[in-house]
Amino acid sequence: MGMFYVSSVVLSGITGFPLSFMMYAAHSPAIRPLFIPTLVGLASLSIAWPLTTVMALTRAKQHRFADHRAWMIRSYALTFAAPTARLLAPVLFLLTSDIVLAINVTFVSWPLNFLVAELLIRRTEKRSMPASVPQIAIAMTQ
């Protein structure tokens, strides 16, 4: 399953990059500048998503499973960029009545997911760290 996931993400990243530019070009030249944030968001996601996934694969091959887990959390977070955008867009539209802002939410959807993943990773790491041994106890055992 892991190799299927990696292959799918890498293929999606490779195809997603040119598609982000095609989406941008599909708009009329008069309104294209309004959608530059969407272009940047989708193009950068198509680079970051496979990169995090390949990092996870590399860590698994190195038997560094704690690091593998962290990179997979990041990769999964980026996988859910589209659902996050689809959840945020209607809310933004209802709050602001600005359709361009609602569409451009893709620009922040994956960084927002990435931030949440990082917070989750840091919180988990903090909990799993052993309590530090006081220096005096170390000195007494020597």
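Quick notes on this structure:
- Estimated from helical segments only, the mean residue ellipticity of the chain at 222 nm is -27500 deg cm²/dmol, where each DSSP H run of four or more residues counts as -39500 (n - 2.57).
- The residues of the chain have, on average, 66 Å² of accessible surface per residue, using a 1.4 Å probe with all protein chains present.
- Global geometry of the stretch 58-129, whether rounded, prolate or oblate, following the gyration tensor of its Cα atoms and the 1.5 cut on a/c: prolate
- 3J(HN,Hα) from dihedral phi, the stretch 71-79, Karplus parametrisation 6.51/-1.76/1.60, rounded to Hz, x for glycine, proline: 5, 5, 4, 4, 4, 4, 4, 6, 4
- Of the solvent-accessible surface of the chain, computed with a 1.4 Å probe and all protein chains present, 75% belongs to carbon and sulfur.
- With N as its number of residues, the chain has a Cα radius of gyration that, divided by 2.2 N^0.38 Å, comes to 1.40.
The values are calculated or read from the model by the stated rules, or taken from the named source; none is laboratory data. This one's a predicted model, so the numbers in the text were calculated from it and none came from an experiment. For accessibility, only protein heavy atoms count, side chains too; no ligands or nucleic acids. Shrake-Rupley method; radii C 1.70, N 1.55, O 1.52, S 1.80 Å.
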